[in-house]
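Below is one structure, written out as structure tokens; the observations come after it.
The values are calculated or read from the model by the stated rules, or taken from the named source; none is laboratory data. Bear in mind that the values here come from a model prediction, so they are computed numbers and not experimental data. Positions of Cβ are backbone-derived with ideal geometry, glycine not excepted, and every protein chain shown enters the neighbour counts. Heads up: the accessible areas ignore ligands, DNA and RNA and are worked out on the full protein's heavy atoms, side chains in. Shrake-Rupley method; radii C 1.70, N 1.55, O 1.52, S 1.80 Å.
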Amino acid sequence: MSGEKKSKKWPIAVFVIGLVVLAAGLTMLIVKLVSAPAVADAEFLVSSGEWTREDEPTVVWNFTEVGKGSLTTDGGATNYDFIWAIENGQIKIETAWLYNLNDKFGYTLDQSAKTLTLKNGETEIIFKVLES
């Protein structure tokens with residue numbers, strides 16, 4: 001008789017655990033659906049407009065649309081077009097300068113602080129949204 005009681009407890013325990021997991025999954029789904037949607041990094045770069053280099057305010061990058069932009073190193077006297085892409089946690093930028101430059105940076109984008117940090121080896125460059 002005790003063997004029958006033990007075998008009946010396992011299905012009940014599995015059923016209760018299943019209900020708990022189901023409730024947790026539904027809660028996570030509801031929280032995800034109700035929370036504000038995150039803006040993709042590329043969309044945020046474009047929607048923020050111009051980005052100025054923190055230590056050199058005459059260097060300004062303007063992400064005009066996803067994949068295209070322009071930059072200046074002299075406060076806007078001369079502008080250079082560039083194309084860009086975000087892939088595998090890196091931002092790749094090809095600039096039509098005096099000759100084509102192909103740069104690849106690790107990046108961190110803090111949307112709440114409106115900062116873009118580029119890292120190339122030991123070098124770190126911080127850009128901030130240019131407030132008008």
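Numbers at a glance
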{"read-out": "Cα gyration tensor category, rounded, prolate or oblate, for the stretch 68-132 with a/c compared to 1.5", "value": "oblate"}
{"read-out": "Which label in (i) 2, 10, 19, 23, 19, 13, 7, 4, 2, 1, 0; (ii) 2, 9, 14, 18, 13, 7, 5, 5, 5, 5, 4, 4, 4, 3, 2, 1, 1, 0, 0; (iii) 2, 10, 16, 16, 14, 12, 10, 7, 5, 4, 2, 1, 1, 0, 0 gives the computed P(r) over Cα pairs in 5 Å bins from 0, in percent", "value": "(ii)"}
{"read-out": "Angle in degrees between helix 2-34 and the longest Cα principal axis of the chain, rounded to the nearest 10", "value": "30 degrees"}
{"read-out": "Computed E for Ser47/Ile17 - FRET, C-beta separation, R0 41 angstrom, nearest 0.05", "value": "0.35"}
{"read-out": "Spin-label proximity, Asp55 to the stretch 107-132 - amide N less than 16 Å from point 7 Å beyond Cα toward beta carbon", "value": "116-128"}
{"read-out": "Förster radius 41 Å - calculated FRET efficiency between Met28 and Glu124, Cβ distance, rounded to 0.05", "value": "0.70"}
{"read-out": "Helix-only [θ]222 nm of the chain, DSSP H runs n ≥ 4, -39500 (n - 2.57) each, per residue, nearest 500", "value": "-10500 deg cm²/dmol"}
{"read-out": "Linear extension gain, Lys92 paired with Val66, 0.36 nm per residue minus alpha-carbon span", "value": "8.1 nm"}
{"read-out": "Accessible area in square angstrom per residue, the chain, 1.4 angstrom probe", "value": "71 Å²"}
{"read-out": "Cβ-Cβ FRET estimate between Thr73 and Ser35, R0 fixed at 30 Å, reported to 0.05", "value": "0.15"}
